[in-house]
Amino acid sequence: MSPVLESTARALLRRIAVEQAESRLPSLTAAVVRDGRLAWFGSRGRVEGARPTETTQYRIGSITKSMVATVVMRLRDEGRVDLLDPIGKHIPGTPVGEVTLAQLLSHTAGLTAEPPGPWWERTPGMPVEELIGLLGPETGRHRPGRRFHYSNLGFALLGELVTRHRGVSWTRAVQEEILEPLGMCDTTPRPRAPHATGYAVHPWADVLLPEPEHDAVAMAPGGQLWSTPADLARWAAFVAGDTAGVLDPATLAEMREPATVDDGDAWTGGYGLGLQLARANGRRLAGHTGSMPGFLATVWADPADKVGVLFMANSTSGVSRTLLTELLAILDEHEPRLPVEWEPIGADADLLELTGPWYWGPSAYALRLLPDRGLSLNPIGGTGRASRFTAQADGTWLGLDGYYAGETLSLVRRPDGSLSHLDLNTFVFTRTPYDSAADVPGGVDEGGWR
């Protein structure tokens, strides 16, 4: 454990103490994760008469979806499914068989938010065959791919996809492939002692109403799991990049890429593949919120900073949406991250030859050398397209991000072996603006600059 400073711990504890008191929460737990380790834990209120601890279980609701999505991505990496597959290829007989796995993972399939029948979160669940039999033309509410529309039903279908491909229940697949390798042994489909009881708090009186809890069966992939602050801290570390071999880091990065925006004109929140995304105070966060009757939970991770934060509460409503970002702000204020120390890297002479200024037409760019024969191309002056590139076995470089993600950067040499120009997916970069000695598409005016 890498603990925070005492002054930081006091400020963090005060923030959750204010939250628990002012929001009238039966109990509230919170934690900060740093560099893959639990750095701070705090709790307020009572569970069965005692202060909740790092091992007290709470229901985590839709955070379950991220774990189901991780198994789906493992199936993709194994070649068993393709994200462009229609769900009907794997689960025949639904009226929405044309929507793709990627659309279901990103909530862009246009499906209804809730399944048919009574309020599924407060009533006993039904078998998946019965659920599918209840689906009709009204299941599709929007054109697939058109917009973000959160769908619990969509993840019921993804859970069934996992079950059919693994030959075991989705819960067992999540347990064996995700939870056990990550050491999350206290995350379970049904509660175990000690666990919090879910309550609704009366809006106008300080009294409680116990909320029901059932096995959601077919809808369980949308929010069934229970977990602890300690386990959820390990999950935050996973989302931040400490995958422990559970998932290829590149696949996790793909899950964190924005697939859609979910907050209209604000563009501060979105969704990737099974992960919610947010931008707050200069951070790009990935994780998920969770709610079930009687419970609220959220986990966010910042992969760039290897920091995570979470809370768990046993109340149907009331926790501030900004609680976790405020905890991160406290951490930034009290213990700002030190920049990584600069140190030199090894460089081959042929790569050093490439560094320095290059010109796309009249626009100036700088090419810099990165570790492992990587390159970065950035506009000089700040306006233009920037990308990083990774070396390929054939002597080219592949774009990693920005406009040139997935595109190829090649060196073009003259017959005598000297370097003529760079070819970046047909765009020509020369050592001087519109170098007449290079093969610039369209040619260079014979009169030159004047």
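Just need a number here: residues in region 311-336 that are in a loop (DSSP other than H, G, I, E, B), among the charged types (D, E, K, R) and exposed (fewer than 13 other Cβ atoms within 10 Å of the Cβ). It would help to see each step written out before you state the result.
The initial filter retains those residues of region 311-336 that are in a loop (DSSP other than H, G, I, E, B), namely 314, 316-322, 335-336.
Right, trim to among the charged types (D, E, K, R) and you get 321, 335.
From what is left, the residues that are exposed (fewer than 13 other Cβ atoms within 10 Å of the Cβ) are 321.
Within region 311-336, residues that are in a loop (DSSP other than H, G, I, E, B), among the charged types (D, E, K, R) and exposed (fewer than 13 other Cβ atoms within 10 Å of the Cβ) number 1.
I'm checking my understanding of the structure. Among residues of region 360-382 that are out of contact with any strand residue (DSSP E or B) (no Cβ under 8 Å at 6 or more places or on another chain) and in contact (Cβ under 8 Å) with a residue 12 or more places away in the chain, which one is farthest from F429 (Cα to Cα)?
First, pick out the residues of region 360-382 that are out of contact with any strand residue (DSSP E or B) (no Cβ under 8 Å at 6 or more places or on another chain): 361-362, 371, 382.
Subset that is in contact (Cβ under 8 Å) with a residue 12 or more places away in the chain: 361-362, 371.
Values: G361: 7, P362: 10, P371: 22 Å.
Ranking the qualifying residues of region 360-382, first place goes to P371.
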task: Among the residues of region 388-415, count how many are at pLDDT 95 or above and basic (K, R).
output: 1
- prompt: Quick one: is R256 over 12 Å from the mean Cα position of the chain (by Cα), crowded, with 17+ Cβ neighbours inside 10 Å, under 18 Å from D305 (Cα atoms) and in the same structural domain as L131 (by TED's automatic domain parsing)?
  reply: no
- prompt: Would it be correct to say that W358 is over 25 Å from A250 (Cβ atoms), modelled with pLDDT of 95 or more and among the hydrophobic types (A, V, I, L, M, F, W, C)?
  reply: yes
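One line per residue, one yes/no per condition, for (1) surrounded by fewer than 24 Cβ atoms within 10 Å (Cβ to Cβ); (2) of a type in the set (K, R); (3) free of Cβ contacts under 8 Å to residues at least 60 places away in the same chain:
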site	(1), (2), (3)
F41	yes, no, no
V47	yes, no, no
E54	yes, no, no
R80	yes, yes, no
P92	yes, no, yes
E98	yes, no, yes
L105	no, no, no
P124	yes, no, no
E129	yes, no, yes
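Let me confirm something: among E180, E114, which residue is surrounded by fewer than 19 Cβ atoms within 10 Å (Cβ to Cβ) and assigned to a helix (DSSP H, G or I)? First the steps, then the outcome.
Numbers: E114 fails: assigned to a helix (DSSP H, G or I).
Criteria check complete, one pass: E180.
Of the residues that sit in region 416-448 and are part of a strand (DSSP E or B) and among the hydrophobic types (A, V, I, L, M, F, W, C), which one is modelled with the lowest pLDDT?
Step one: list which residues in region 416-448 are part of a strand (DSSP E or B), which gives 419-424, 427-430.
Remaining after also requiring among the hydrophobic types (A, V, I, L, M, F, W, C): 419, 422, 424, 427-429.
Details: L419: 92, L422: 97, L424: 97, F427: 96, V428: 97, F429: 97.
So the residue we want is L419.
From A347, A329, A364, which residue is more than 25 Å from the chain's Cα centre (by Cα) and at pLDDT 95 or above?
Numbers: A347 fails: at pLDDT 95 or above; A329 fails: more than 25 Å from the chain's Cα centre (by Cα).
Criteria check complete, one pass: A364.
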- line: When every residue in region 411-450 that is hydroxyl-bearing (S, T, Y) and exposed (fewer than 15 other Cβ atoms within 10 Å of the Cβ) is compared, the one farthest from L375 (Cα to Cα) is S436
- request: Report yes if some residue within region 193-209 is charged (D, E, K, R) and within 28 Å of E176 (Cα to Cα); otherwise report no.
  value: no
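Just to be sure, is G270 in contact with a Pro (Cβ under 6 Å, 6 or more places away or on another chain), among the small types (G, A, S), closer than 16 Å to K65 by Cα and assigned by TED's automatic domain parsing to the domain that holds V18?
yes
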message: Out of everything in region 228-241 that is over 15 Å from Q276 (Cβ atoms) and among the small types (G, A, S), what residue ends up being surrounded by the most Cβ atoms within 10 Å (Cβ to Cβ)?
response: A233
task: Among the residues of region 183-234, count how many are within 24 Å of P118 (Cα to Cα), touching a helix residue (DSSP H, G or I) at 6+ places or on another chain (Cβ under 7 Å) and not in a helix (DSSP H, G or I).
output: 8
- prompt: Does L411 qualify as being in contact (Cβ under 8 Å) with a residue 40 or more places away in the chain, more than 29 Å from P258 (Cβ to Cβ) and aliphatic (A, V, I, L, M)?
  reply: yes
- prompt: Looking only at residues in region 183-218 that are β-branched (V, I, T) and under 28 Å from the mean Cα position of the chain (by Cα), which one is surrounded by the most Cβ atoms within 10 Å (Cβ to Cβ)?
  reply: T187
task: Filter region 322-350 for residues that are within 17 Å of R14 (Cα to Cα) and not acidic (D, E) and give the result.
output: T322, L323, L324, T325, L327, L328, A329, I330, L331, H334
task: Go through (1) at pLDDT 95 or above; (2) out of contact with any strand residue (DSSP E or B) (no Cβ under 6 Å at 6 or more places or on another chain) one by one and return the number of the condition A280 breaks.
output: (1)
- prompt: Looking at region 117-126, which of its residues are assigned to a loop (DSSP other than H, G, I, E, B) and touching a strand residue (DSSP E or B) at 6+ places or on another chain (Cβ under 6 Å)?
  reply: G125
- request: Name, by its number, the condition in (1) surrounded by 21 or more Cβ atoms within 10 Å (Cβ to Cβ); (2) in a loop (DSSP other than H, G, I, E, B) that does not hold for A244.
  value: (1)
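Just checking, which of T243, T163, T188 is polar (S, T, N, Q) and within 30 Å of R51 (Cα to Cα)? Show your work before the answer.
Working: T243 fails: within 30 Å of R51 (Cα to Cα); T163 fails: within 30 Å of R51 (Cα to Cα).
After applying the criteria, what remains is T188.
Matching residues to (1) of a type in the set (D, E); (2) surrounded by fewer than 18 Cβ atoms within 10 Å (Cβ to Cβ); (3) touching a residue at least 60 places away in the same chain (Cβ under 8 Å):
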residue	(1), (2), (3)
G270	no, no, yes
L277	no, no, no
A280	no, yes, no
G290	no, no, yes
W300	no, no, yes
V309	no, no, yes
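The values are calculated or read from the model by the stated rules, or taken from the named source; none is laboratory data. Remember, it's a predicted structure, so these values are computed and weren't measured experimentally. All Cβ positions, glycine included, derive from the backbone under ideal geometry; neighbour counts span all protein chains shown.
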